[in-house]
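Student: Below is the structure I would like to discuss, written out as structure tokens.
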Ligand SMILES: [Fe+2]
């Protein structure tokens with residue numbers, strides 16, 4: 001079956017058919033997906049009824065897996081293998097997370113715009129999200145094109161931000177929601193990391209904004225001025241013209257390039273309705289900025 005790619009908006013997102021994720025991909029197929037990712041940044045592969053093993057094998061086509069993606073969950077509490085980020089609302093016994101469950105509190109941070117693992121010195125490349133049980137009434141996942149957002153800035157702003165470096169941490173994003181319950185060892189693991197505000201894509205050489213709710217500082221700037229500016233940039237970058245809204249159908253496999261996009265999930269009735277979505281992540285190929293020597 002030939003690969004077919006249909007754009008979903010003028011700038012971001014495409015629907016890709018003609019690939020069966022359950023079997024081994026040829027190198028031509030992997031190259032075609034990479035090329036489509038470079039162009040569209042978000043790909044939707046419908047009707048992919050896959051197992052965890054098939055999802056892992058598919059993910060490995062694109063690079064090294066990011067392990068330990070469940071940043072705030074201990075291994076003994078995991079429902080899925082550690083290579084998965086469990087984005088469901090289920091605990092390890094398969095029942096829905098209670099309203100005040102710590103994992104639920106923490107995962108509410110996914111409702112804020114972010115790029116996966118930007119709080120790690122080596123941030124994520126691709127995220128691959130499999131919709132195993134998808135509620136009929138949402139939630140949607142929204143994706144913002146950070147290349148289009150960068151391109152739309154005026155020349156003065158582009159020059160001003162070219163070499164800025166931000167500090168990212170889960171403590172900042174969770175803190176925005178008032179979630180501050182971290183254990184001492186979690187706080188150490190969540191030390192802020194530095195990321196360039198403007199990234200250049202290694203294949204396309206397109207520049208993009210590297211933003212997200214994990215940002216809590218701009219190096220060298222007074223904090224309130226930094227956060228007011230980041231808020232302006234986030235508002236600019238998430239205008240509807242830069243956004244693709246994905247309405248999930250069960251069996252969708254959605255993959256996105258975290259280097260050129262931000263995303264967020266919307267609110268849904270998670271106390272009463274099961275949503276089982278499982279993410280694998282391809283590790284990025286290096287840091288975007290030198291880390292603080294301290
Ligand atoms: Fe995410």
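Since every read-out is calculated from the coordinates, none of them should be taken as a lab result. For clarity, every value in this text was computed on a predicted model and none was experimentally measured. Using ideal geometry, Cβ is built from the backbone for each residue, glycine included, and neighbour counts are taken over all protein chains shown.
Student: Pick out the one residue from 10, 2 that is surrounded by fewer than 13 Cβ atoms within 10 Å (Cβ to Cβ) and within 18 Å of residue 260 (Cα to Cα). Break it down stepwise before answering.
Tutor: Working: 2 fails: within 18 Å of residue 260 (Cα to Cα).
On inspection, the qualifying residue turns out to be 10.
Student: Are any residues in segment 130-150 out of contact with any strand residue (DSSP E or B) (no Cβ under 6 Å at 6 or more places or on another chain) and in contact (Cβ under 8 Å) with a residue 40 or more places away in the chain, and if so, which ones? Quick ask: steps written out before the conclusion?
Tutor: Step one: of segment 130-150, the residues out of contact with any strand residue (DSSP E or B) (no Cβ under 6 Å at 6 or more places or on another chain) are 134-138, 145, 148.
Once the filter is applied, which keeps residues that are out of contact with any strand residue (DSSP E or B) (no Cβ under 6 Å at 6 or more places or on another chain) and in contact (Cβ under 8 Å) with a residue 40 or more places away in the chain, segment 130-150 yields 134, 135, 137, 138, 145, 148.
Here is a yes/no grid of residues against (1) under 24 Å from residue 57 (Cβ atoms); (2) more than 10 Å from the ligand (Cβ to nearest atom):
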site: 86; (1), (2): yes, yes
site: 97; (1), (2): no, yes
site: 103; (1), (2): no, yes
site: 109; (1), (2): no, no
site: 112; (1), (2): no, no
site: 122; (1), (2): yes, yes
site: 126; (1), (2): yes, yes
site: 130; (1), (2): yes, yes
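Student: Which numbered condition in (1) part of a loop (DSSP other than H, G, I, E, B); (2) within 16 Å of the ligand (Cβ to nearest atom); (3) within 16 Å of residue 119 (Cβ to Cβ) is the only one that residue 287 fails?
Tutor: So residue 287 meets the others, but not (2).
Student: From the set of residues in segment 248-283 that are in a loop (DSSP other than H, G, I, E, B) and buried (at least 22 other Cβ atoms within 10 Å of the Cβ), which is nearest to the ligand (Cβ to nearest atom)?
Tutor: Filtering segment 248-283 for residues in a loop (DSSP other than H, G, I, E, B) gives 248-252, 258-260, 266-275.
Filter again for buried (at least 22 other Cβ atoms within 10 Å of the Cβ), leaving 258-260.
Values: 258: 8, 259: 14, 260: 14 Å.
Top of the filtered list is 258.
Student: Take residue 117 and tell me if it is touching a residue at least 24 places away in the same chain (Cβ under 8 Å), more than 14 Å from the ligand (Cβ to nearest atom), under 19 Å from residue 67 (Cα atoms) and in a loop (DSSP other than H, G, I, E, B). Please lay out each step first, then the result.
Tutor: On the way: touching a residue at least 24 places away in the same chain (Cβ under 8 Å): yes; more than 14 Å from the ligand (Cβ to nearest atom): no; under 19 Å from residue 67 (Cα atoms): yes; in a loop (DSSP other than H, G, I, E, B): yes.
No: the conditions fail for residue 117.
Student: Considering only residues that are more than 30 Å from residue 186 (Cα to Cα) and out of contact with any helix residue (DSSP H, G or I) (no Cβ under 8 Å at 6 or more places or on another chain), look in segment 141-160 and name the one that is surrounded by the most Cβ atoms within 10 Å (Cβ to Cβ).
Tutor: Ranking the candidates gives 147 first.
Rundown of residues vs (1) under 23 Å from residue 142 (Cα atoms); (2) not in a loop (DSSP other than H, G, I, E, B), yes/no style:
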{"site": "28", "(1), (2)": "no, yes"}
{"site": "32", "(1), (2)": "no, yes"}
{"site": "37", "(1), (2)": "yes, yes"}
{"site": "48", "(1), (2)": "yes, no"}
{"site": "63", "(1), (2)": "no, no"}
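Student: I'd like the full set of residues that are more than 15 Å from residue 168 (Cβ to Cβ) and surrounded by fewer than 14 Cβ atoms within 10 Å (Cβ to Cβ), limited to segment 205-225. Talk me through it step by step, then tell me what you get.
Tutor: Taking segment 205-225 and keeping what is more than 15 Å from residue 168 (Cβ to Cβ), we get 205-208, 220, 222, 224-225.
Once the filter is applied, which keeps residues that are more than 15 Å from residue 168 (Cβ to Cβ) and surrounded by fewer than 14 Cβ atoms within 10 Å (Cβ to Cβ), segment 205-225 yields 205, 220, 222, 224, 225.
Student: Which one of 97, 43 is in contact (Cβ under 8 Å) with a residue 12 or more places away in the chain, farther than 28 Å from residue 231 by Cα and surrounded by 16 or more Cβ atoms within 10 Å (Cβ to Cβ)?
Tutor: Working: 43 fails: farther than 28 Å from residue 231 by Cα.
Of the residues listed, the single one that is in contact (Cβ under 8 Å) with a residue 12 or more places away in the chain, farther than 28 Å from residue 231 by Cα and surrounded by 16 or more Cβ atoms within 10 Å (Cβ to Cβ) is 97.
Student: State yes or no: is residue 111 under 16 Å from residue 234 (Cα atoms) and surrounded by fewer than 18 Cβ atoms within 10 Å (Cβ to Cβ)? So that I can check it myself, show each step before the final result.
Tutor: Details: under 16 Å from residue 234 (Cα atoms): yes; surrounded by fewer than 18 Cβ atoms within 10 Å (Cβ to Cβ): yes.
When the stated conditions are applied, residue 111 passes them.
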